[in-house]
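First the structure, in the form of structure tokens, and then the observations on it.
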Amino acid sequence: MKILSTGWVMLLAAVVLTSACGGGSSQRTSTANREHARLEYSYPYDTQQEVSVRAPVALRFSHPLTDTAPEAAVQWQSDDGEPVLFSSEQVDGGRGLLLTPQAPLQPGTGYRLTMDTVATTQGPARVPQDGIRFRTRAAIAGGREATGTGDTFELKRMIPDGDTLPVMDFSSFRLQFSQPLARDSIRYGDTVSVVDEQGALVPMIVLVKGPYLTLDPGDDLTPGERYTFSLGSQVRSIWGEPLASAEFSHVAQDSAPREIMVQRAADSGQGSIVSPLTGAPINAVPINALLLGERSSSQQQGDIHAELAFVPDYPDVTPLRVPRGSLLRGSSVAVEIAGEVPAGFETGEISVRFVSDAAGFLLPNPYTQAEDSPRHVHLLMDVAMTAENTTANGALSQDLLHVELAGTAIVEDGVLVINAIGIVEPEVLGLEQAWGVLSFRLEAYADQEQAPAPETDSEPPVLQSWSPGENVLQASVGDPVILNFSEALDPDSLADAIEVHADGVPVDDLDWYLDGASVVLRPDGGLAYGTAYEIHISDGITDLAGNPLAPETLSFTTATYVGSGDRAPFAITAYPGFPCAVAPGSQDLAGNIQGSCLSKDGTGGDVLPVTALPANRAIRVRFSQAMAADSIVLGESCNTGTFRVERVNATGECEAVVAGDLQRSARELRFEPASPWQPGVLYRYVLASDSAPQCGQNAICATFGAPLQTAMLRENAELAGGPPMAIHFRGAPPTEQVLQPLSNLPAADVNANFRLEAGEQGAVESPPGSGVYPTPANATQILENGGGGLVGKVNVGCGFSGIEQSLRSCPGEKFIYLTGGLDVDIVGWDEQEGAVKVAVYPTLLMASSLSVHATILLVPQEIPTGPQVMRLRYEADDNGQRTQPITGWIRDSGAGPVFEATLDLFLDAPYLHPPLSLPHNLHNYALDGVQVSGPISFLSDGRMQIEQVSLGALPINVSIASGAAAVRLLIPEGGINLTYISAPVKQ
């Protein structure tokens, strides 16, 4: 291979300029007379598949439009006849018309765009009579019907197909399936294989993500040799559907003699150079996301060294390849929450590196045979996106597979110029699918023999961050280990290059996958409590250029779980809804009243609303303990299973079971409906438990056998079950808000038995010897504030000394420790408030027992509170009914983002027993107007951390026997300290 010579440039230019001469069956509109105006290009192109639901339609004509409203001539509708509403914009002096849908397109749906005659400076423009048809990709998340994939798991297509797109000796192969693939079912050489004529397995680089599979030969194929592709029935979708086994073969065509064409992706000159197809700055990757806003854009630059097959042998469809390892460098982007509140860091250089050989084709123009019309170009690539900044890389590093660019290729001033459009859809923080329309432009160097040589990568990869790392107390049982490297790695180098030891014993059952520059390791069941882990990383790991990683050993020990389980699990969050069983007779489903929580004294406080669940969301329940997966049995008919989802009527009678996919992890269950929730329809999900539990039959249980406790406001035996927890909700339209599950970590009460025990770390004196014990994370300080009535003195945490009954000093014992979590929605920027609005979904927090000492009629007594319950209350709606989530705000403090909210709480102490079993008032005890505020920060592994402290003092006045005795307590200012951690970026 060599750089394109002058003769080759002339030959290629001739082929491009005469692209229509070959015609072929793809020619549908003959406009050979170049004086006629005509449509020359569209995005999506006719018959394009896997189109993003965010895609605009771009039309380019040979001459400027003169119609004042050319969009009026456009009819855009789905195959079902549903019209697409869109806005329009003329670009490039009227030669281009950009149509942007007002809402995302439907996934897995066919669309057709037709156009009446429009006027141009050269008369009426000719357009294809049959219109332009394309089909959107399936939804990236959701159930089977929600994703638009259907029930059949099959191979939809392979690129190249050996028919319209030739299979070459330098081809890489992209297989696209009807359903997302189960990663662990793709085992090259077993479930998937490619063999040569002698039956020898062809070495391949294998990439898999979602419904996409790439097979990239390690070495070029042999021209003229037949290769057989086999897909076994052991290949499964994420829903367990087996693939119908398939076998097919292709003969590799000869690309020799190849030559290299060097093209430059140039800077847009601060947005001054725009694409003739979209009118947007060239080579800028805009990222639209609620979490980042709509102003994030990274300017990409670099040289592309494309290898072309011998053009005289392929004058109609000319294959080309961009080799694996090619790199585009992007400018740094300031990270801003919702595009408005600075997060406090920038991404640093954003790199886009080709992790497989990209496959491209120069194609005849399907819309016109005019000699001066451009050829079309299609380029499919797999890239890894990484960021220079450690935190940003942990949050953004990922593979983007089967990214397709579709554009025009034309010679301008003797230089081949490609303008193309593509959609990139990266995931942000593992929470939100962002998107951006890429206006790509490549321009060949005029003197190819003097073009820059390929950039040599001599920098070895380094480990930038890892999880849990130094933040081991912010890790939950079941979490994976995530290693974030500085650049994309060679997946073949990872096999057997990482070993995990648990308490000195090698972990044999270890799942792993590579995504971008991140390696995700998951020992069977995820991380375990009280275990010393070592991760041995060898120098066998290399980047795509073969540069080895320096060997390294990482070690950490997870938090100790005291005992073997002596407290039944409870649901710390339930989305949608509130995690409690409701009192009989308190429900009015027709009036959207869920009921009040079942309680010890029969009054559960506020009446809970029937909340809504958007059509594009799943049911999610998180638990305080690791749960036995086999005890969570999905019901297949009304009133069966230990977890069931049902459509019900206004009286609560089951009408039908909702089909869907149940995913179980150590501390969470998630249910994706097969078809979206229908707006206004009443549903319920039920978590089964029983006072006489049989795990997996009538109760969901923890791994140690205790059943789910669903009535936390009652006084329960430690391992007792509860009644079934049925949570009703109504379907709602899809939402673009971002749901952020948060965990209260670190937690002192690791075993979640509502006691602080030896081996669990409580408050620590700081500085040592000072007598000062700051409130630890996820704890609340409770101080004595005097007695009343029959109560003389009060001391929290310890008793009295001497005949005078002086208060003993025990500042480290005046804390309760919290177990819980939170679900919040990032709503978006509120212009009037000047902050990002957040919706906090009410739930409950369990608090450990507190020892309160008091003198009653001069007799010292210890009164343990027992486990306590703190419930977040719904906010009032316009009718004064508590039906709305709590409003929080993310603001720019000048020193970084802060989160603030005002909470109304209920405090309950169902296990509190004053002397003589006298009644007390710690049932539905209102703590309203609690203001909390604190900073938002990001850990090096990309996770978000929110710290909250209370801003004012809160009195708690315990009344016993209707005021005959009183114990006055106080939460001082800053006494509530909550720390929330987002889930690992990758699962």
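State whether the residues of the stretch 100-111 include one that is in contact (Cβ under 8 Å) with a residue 40 or more places away in the chain, out of contact with any strand residue (DSSP E or B) (no Cβ under 8 Å at 6 or more places or on another chain) and among the hydrophobic types (A, V, I, L, M, F, W, C).
no
In the stretch 231-261, how many are within 15 Å of residue 179 (Cβ to Cβ) and of a type in the set (Asp, Glu)?
Here the count works out to 1.
Right, residue 487: modelled with pLDDT of 95 or more, assigned to a loop (DSSP other than H, G, I, E, B) and not hydroxyl-bearing (Ser, Thr, Tyr) or not? Give the steps one after another, and end with the answer.
Numbers: modelled with pLDDT of 95 or more: yes; assigned to a loop (DSSP other than H, G, I, E, B): yes; not hydroxyl-bearing (Ser, Thr, Tyr): yes.
In short, yes.
Any idea which of 294, 307 is acidic (Asp, Glu) and closer than 30 Å to residue 740 by Cβ?
Within the list 294, 307, the selection yields 294.
Please go through the stretch 957-967 and give me each residue that is assigned to a strand (DSSP E or B) and over 17 Å from residue 906 (Cα atoms), ordered by number. Let's see the steps before the verdict.
Pass one, the stretch 957-967, residues assigned to a strand (DSSP E or B): 957-960, 965-967.
Residues satisfying the conditions are 960, 965, 966, 967.
Kindly indicate the residue of the stretch 288-335 that is under 23 Å from the mean Cα position of the chain (by Cα), within 16 Å of residue 386 (Cβ to Cβ) and not in a strand (DSSP E or B) and also modelled with the highest pLDDT among those meeting that condition.
332
Considering every residue within the stretch 193-215, establish whether at least one is within 30 Å of residue 545 (Cβ to Cβ) and among the polar types (S, T, N, Q).
So far as the stretch 193-215 goes, yes, one or more of its residues are within 30 Å of residue 545 (Cβ to Cβ) and among the polar types (S, T, N, Q).
Within the stretch 335-355, does at least one residue satisfy the condition of being assigned by TED's automatic domain parsing to the domain that holds residue 265, buried (at least 20 other Cβ atoms within 10 Å of the Cβ), within 20 Å of residue 985 (Cα to Cα) and of a type in the set (Ser, Thr, Tyr)?
yes
Restrict the check to the stretch 63-85 and report whether at least one residue is without any contact (Cβ under 8 Å) to a residue 24 or more places away in the chain, more than 30 Å from residue 736 (Cβ to Cβ) and either out of contact with any Phe, Trp or Tyr (no Cβ under 6 Å at 6 or more places or on another chain) or outside any strand (DSSP E or B) (or both).
yes
Table: residues versus (1) more than 19 Å from residue 228 (Cβ to Cβ); (2) in a loop (DSSP other than H, G, I, E, B); (3) in the same structural domain as residue 490 (by TED's automatic domain parsing); (4) not small (Gly, Ala, Ser).
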| site | (1), (2), (3), (4) |
| --- | --- |
| 93 | yes, no, no, no |
| 97 | yes, no, no, yes |
| 104 | yes, yes, no, yes |
| 119 | yes, no, no, no |
| 166 | no, yes, no, yes |
| 194 | no, no, no, yes |
| 197 | no, yes, no, yes |
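Kindly establish whether residue 433 is under 35 Å from the mean Cα position of the chain (by Cα) and of a type in the set (S, T, N, Q). Even if it seems obvious, please write down each step before you answer.
Details: under 35 Å from the mean Cα position of the chain (by Cα): yes; of a type in the set (S, T, N, Q): yes.
Against the criterion (under 35 Å from the mean Cα position of the chain (by Cα) and of a type in the set (S, T, N, Q)), residue 433 qualifies.
Got a number for residues in the stretch 217-234 being surrounded by fewer than 20 Cβ atoms within 10 Å (Cβ to Cβ) and closer than 18 Å to residue 324 by Cα?
Matching residues across the stretch 217-234 total 3.
Do you know which of the residues in the stretch 95-119 that are more than 30 Å from residue 178 (Cα to Cα) and at pLDDT below 95 is surrounded by the most Cβ atoms within 10 Å (Cβ to Cβ)?
Of everything passing the filter in the stretch 95-119, 118 is surrounded by the most Cβ atoms within 10 Å (Cβ to Cβ).
Of the residues that make up the stretch 927-937, is at least one of a type in the set (A, V, I, L, M, F, W, C) and in a loop (DSSP other than H, G, I, E, B)?
Scanning the stretch 927-937, I find no residue that is of a type in the set (A, V, I, L, M, F, W, C) and in a loop (DSSP other than H, G, I, E, B), so the answer is no.
Residue-by-condition table, conditions (1) farther than 24 Å from residue 821 by Cβ; (2) outside any strand (DSSP E or B):
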position: 501; (1), (2): yes, no
position: 508; (1), (2): yes, yes
position: 560; (1), (2): no, yes
position: 565; (1), (2): no, yes
position: 569; (1), (2): no, yes
position: 573; (1), (2): no, no
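Tell me which residues, restricted to the stretch 393-403, are surrounded by fewer than 23 Cβ atoms within 10 Å (Cβ to Cβ) and touching a residue at least 24 places away in the same chain (Cβ under 8 Å). Show your work before the answer.
Let us first name the residues in the stretch 393-403 that are surrounded by fewer than 23 Cβ atoms within 10 Å (Cβ to Cβ), namely 398, 400-403.
If the condition is that a residue be surrounded by fewer than 23 Cβ atoms within 10 Å (Cβ to Cβ) and touching a residue at least 24 places away in the same chain (Cβ under 8 Å), then 398, 400, 401, 402 are the ones that fit.
Filter the stretch 524-547 for residues that are in a strand (DSSP E or B) and farther than 18 Å from residue 484 by Cβ and give the result.
Answer for the stretch 524-547, where residues must be in a strand (DSSP E or B) and farther than 18 Å from residue 484 by Cβ: 532, 534.
Does residue 575 fit the bill of being assigned by TED's automatic domain parsing to the domain that holds residue 680 and within 22 Å of residue 430 (Cβ to Cβ)?
Working: assigned by TED's automatic domain parsing to the domain that holds residue 680: yes; within 22 Å of residue 430 (Cβ to Cβ): yes.
It is true that residue 575 is assigned by TED's automatic domain parsing to the domain that holds residue 680 and within 22 Å of residue 430 (Cβ to Cβ).
Within the stretch 738-773, can you find the residues that are assigned to a loop (DSSP other than H, G, I, E, B) and of a type in the set (S, T, N, Q)?
Within the stretch 738-773, 751, 753, 761, 766, 770 meet the criteria.
What strands (runs of 3 or more DSSP E) lie completely within the stretch 803-872 and have 3 or more residues being more than 27 Å from the chain's Cα centre (by Cα)?
It comes to 815-819, 851-856, 859-864, 868-872.
The values are calculated or read from the model by the stated rules, or taken from the named source; none is laboratory data. Please read these numbers as outputs of a predicted model, since none were measured by experiment. Note that we place each Cβ from the backbone using ideal geometry, even for glycine, and neighbour counts take in every protein chain shown.
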